[in-house]
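This report concerns only the one structure given below.
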Amino acid sequence: MNLKPIVASIILGLSGSAFAASHTMMASQNQLDAMKTNSYKMDSMLSQNQGGTGLSSAETQNWFNNVTVGGKINLDFLASNHTSNGSGNFYQGSSTNDLQLTDAALFFDVAINEWTKAHLSTNFRQGSVNANYSTLSNYLVERPSNLPLLDEAYITLMNCSQSPLYARIGRQYATFGNYDVYAAVPSFTQLLSETNEVALVGGYLDPSSFAANIYTFRGINKTSGSNPRIQNYGATVAFGDVENMGFRVDLGYLDNMADVAYVSASSGLSSGYTNRVRALSADAMVMSGPFDGNVKYVTALNRFTYANIANGGSTTNGAEPWAAGVDVGYNFNMMAHQSRVGLGYQQSGEATNVGALKLPQKRYQAEYTMDVSKNANVGFVVYHDQDYSTSHGGTNDAHTTGVVRLGVDLV
C-alpha cells in the first residue's frame, strides 16, 4: 500500500489550514494596527491646542517611577497686642488674634534623564486670595505681598558624577541671601533679600563644599510702559558645609534691590524704578555639637530716589536700607523628641518706608520647636518689635506678637 499520496494530502491539508490561520491572524493584526492609528488620529484631533506631552499612555505609564511628590502644610495661630490699620502701621488699635493657613504647598520633582531634572511647586499662602497684604486689617506678620501661586517651576541641567557645572532655568528663588521661604516669622534680612523670578542660572558645585553661580532675570520695568528687558543680574559664592565642616559662609550680589519681593511692594515702586540700587548680602552659619548660630546682613550699596523709597524723616533723601540679625540655638531631646530653643536679635536701618507693611527698627525674638512625630512639628515664636522714632518717620511705639505653628511635611 502506497502511503505517500495520503501523507502528502494530509500535509497539504495541514499547511493549507495553517496558511489560512496565519492569514486570518495577519488580517486581525492589521485591523488592530489600523484601529490604533485611527484612535491616535482621533486623540490628536481632540487634543488640538491642549496641554500635555503628546505621548500615549503606553509611552508614559512608567514615568511615575521617576516622579517624587511631596508637600507642606503650615497652620499658624497668631496673637498680638496691636492691629494693623491697613496702611502698614502696626502700632495702632487694640489686641487681635487670628488663625491662618500660612502655607499649603505641593512639590513635584521629576528625573527626566541623567542630565535633566524638573521641579514644580505651588503654594497657597494666606494672602494669595488678596495679594495686597496691606489691605488685610489684621495681618500680623510682615511678609512679601507679591509671591505667585506657582511658587517654582524650573529645569535643572546637571550630572554630578560627570561635571560640577550646572544650569537652571525657570521660576525660582534667587540665591541672594540665605533664608527659609516657609519661616513662621520672616527675618528683616529675609525681607530685604527674598527674590522670586523667572531666571537663568549658571553655576559650579564642587565636592569640597565650594559653590558659585551667576543669574539673570527681567525684574520690574524701569519706568511705567517701558519695554520689558532682561536687566537684572546677580552672583553668589559660598564655602563650607554646616553638617560636615561645621560652618558655611555665603556672599551675594544683586544689581537691583527693587526686585526683592518685599521691597518691590513699596508704594513708590508701583510705576517702576528710577535708578538701580545695588545690594550685598553676607551670611555665616556655624554648628558645634548641640549649638548652632548664624549672622546675617543685607544692605543697599547706594540710595533709592526719594520718589521710590524715601528715607524716613527726610523730605529730600532716598533710603539706603539695611538689616542685620544674629541667632543662636541649642538642640536637645525632650521626651524623646528632637527640639530646639533659639534666641535672636535683629535691627534695620533706613527701612521705615520699605515694603507694603514697612519694617520695624529692632526685634527681640525667642522660639522653641519640637518634632512631635514623624514629619510633624510644633513651633512657638514670640517677638517684640520696636518702631522707628517719629523723627525717622516711625511711631516710636512697640508691639509683641506670638505665633504657634503646627507644621506637617507630606512625603
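The values are calculated or read from the model by the stated rules, or taken from the named source; none is laboratory data. All of these numbers come straight from a predicted model, not from anything done at the bench. Heads up, the Cβs are rebuilt from the backbone with ideal geometry, glycines too, and the neighbour counts pull from every protein chain shown.
Across segment 243-252, what is the total count of residues that are crowded, with 16+ Cβ neighbours inside 10 Å and outside any strand (DSSP E or B)?
0
Pick from Gly177, Gly170: which is on the phi > 0 side of the Ramachandran plot and assigned to a loop (DSSP other than H, G, I, E, B)? Spell out how you get there, then give the answer.
Values: Gly170 fails: assigned to a loop (DSSP other than H, G, I, E, B).
From the options Gly177, Gly170, the qualifying one is Gly177.
Which one of these is part of a strand (DSSP E or B) and within 24 Å of Pro144 (Cα to Cα): Val341, Val404, Val372, Val354? Don't jump to the end; show me each part of the working.
Working: Val341 fails: within 24 Å of Pro144 (Cα to Cα); Val372 fails: within 24 Å of Pro144 (Cα to Cα); Val354 fails: part of a strand (DSSP E or B).
Answer to the check: Val404.
Going by the structure shown, is Val354 of a type in the set (Val, Ile, Thr), assigned by TED's automatic domain parsing to the domain that holds Asp250, over 17 Å from Leu191 (Cα atoms) and within 25 Å of the chain's Cα centre (by Cα)?
Values: of a type in the set (Val, Ile, Thr): yes; assigned by TED's automatic domain parsing to the domain that holds Asp250: yes; over 17 Å from Leu191 (Cα atoms): no; within 25 Å of the chain's Cα centre (by Cα): yes.
In short, no.
Quick one: would you say Ile220 is in a loop (DSSP other than H, G, I, E, B), more than 20 Å from Ala319 (Cβ to Cβ), aliphatic (A, V, I, L, M) and in the same structural domain as Gly349 (by TED's automatic domain parsing)?
no
Looking at segment 294-309, I want the residues that are in the same structural domain as Asp327 (by TED's automatic domain parsing) and have a partner that is among the charged types (D, E, K, R) and buried (at least 23 other Cβ atoms within 10 Å of the Cβ) with Cβ atoms under 9 Å, at least 6 apart or on another chain. Which pairs are those?
Ala300/Glu350; Arg303/Glu350; Ile309/Glu350
Taking the stated definitions as given, is Gly203 in the same structural domain as Arg303 (by TED's automatic domain parsing), on the phi > 0 side of the Ramachandran plot and not hydrophobic (A, V, I, L, M, F, W, C)?
Numbers: in the same structural domain as Arg303 (by TED's automatic domain parsing): yes; on the phi > 0 side of the Ramachandran plot: no; not hydrophobic (A, V, I, L, M, F, W, C): yes.
Taking the combined requirement at face value, the residue does not satisfy it.
Filter segment 321-338 for residues that are surrounded by 15 or more Cβ atoms within 10 Å (Cβ to Cβ) and either hydroxyl-bearing (Ser, Thr, Tyr) or in a strand (DSSP E or B) (or both) and give the result. Can you show your working first?
Step one: list which residues in segment 321-338 are surrounded by 15 or more Cβ atoms within 10 Å (Cβ to Cβ), which gives 321-329, 331.
Within segment 321-338, Trp322, Ala323, Ala324, Gly325, Val326, Asp327, Val328, Gly329, Asn331 qualify.
Please name all residue pairs, on different chains or six or more residues apart, with Cβ atoms under 6 Å, provided the first residue is in segment 64-88 and is closer than 30 Å to Ala118 by Cβ and the second residue is at pLDDT below 85.
Gly70/Val411
Yes/no per residue for (1) touching a residue at least 60 places away in the same chain (Cβ under 8 Å); (2) within 20 Å of the chain's Cα centre (by Cα); (3) buried (at least 19 other Cβ atoms within 10 Å of the Cβ); (4) farther than 28 Å from Asn353 by Cβ:
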| position | (1), (2), (3), (4) |
| --- | --- |
| Leu191 | yes, yes, yes, no |
| Asp206 | no, no, no, yes |
| Ala212 | no, yes, no, yes |
| Thr223 | no, no, no, no |
| Gly234 | yes, yes, yes, no |
| Leu254 | yes, yes, yes, no |
| Tyr273 | no, no, yes, no |
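Looking at Thr395, Thr390, can you tell me which residue is in contact with a Phe, Trp or Tyr (Cβ under 7 Å, 6 or more places away or on another chain) and at pLDDT below 90?
Numbers: Thr390 fails: in contact with a Phe, Trp or Tyr (Cβ under 7 Å, 6 or more places away or on another chain).
Residue meeting the stated conditions: Thr395.
I'm checking my understanding of the structure. Among residues of segment 294-315 that are in a strand (DSSP E or B) and crowded, with 17+ Cβ neighbours inside 10 Å, which one is modelled with the lowest pLDDT? Quick ask: steps written out before the conclusion?
Taking segment 294-315 as the starting set, the residues that turn out to be in a strand (DSSP E or B) are 294-300, 310.
Going one step further and asking which of them are crowded, with 17+ Cβ neighbours inside 10 Å, we end up with 294, 296-300, 310.
On the way: Asn294: 97, Lys296: 98, Tyr297: 98, Val298: 98, Thr299: 98, Ala300: 98, Ala310: 94.
My answer is Ala310.
Write out, first by first residue and then by second, each pair whose Cβ atoms fall under 6 Å of each other, whose residues are 6+ apart or on separate chains, and whose first residue, in segment 312-325, is more than 17 Å from Asn256 (Cβ to Cβ) while the second is part of a strand (DSSP E or B) and at pLDDT below 95.
none
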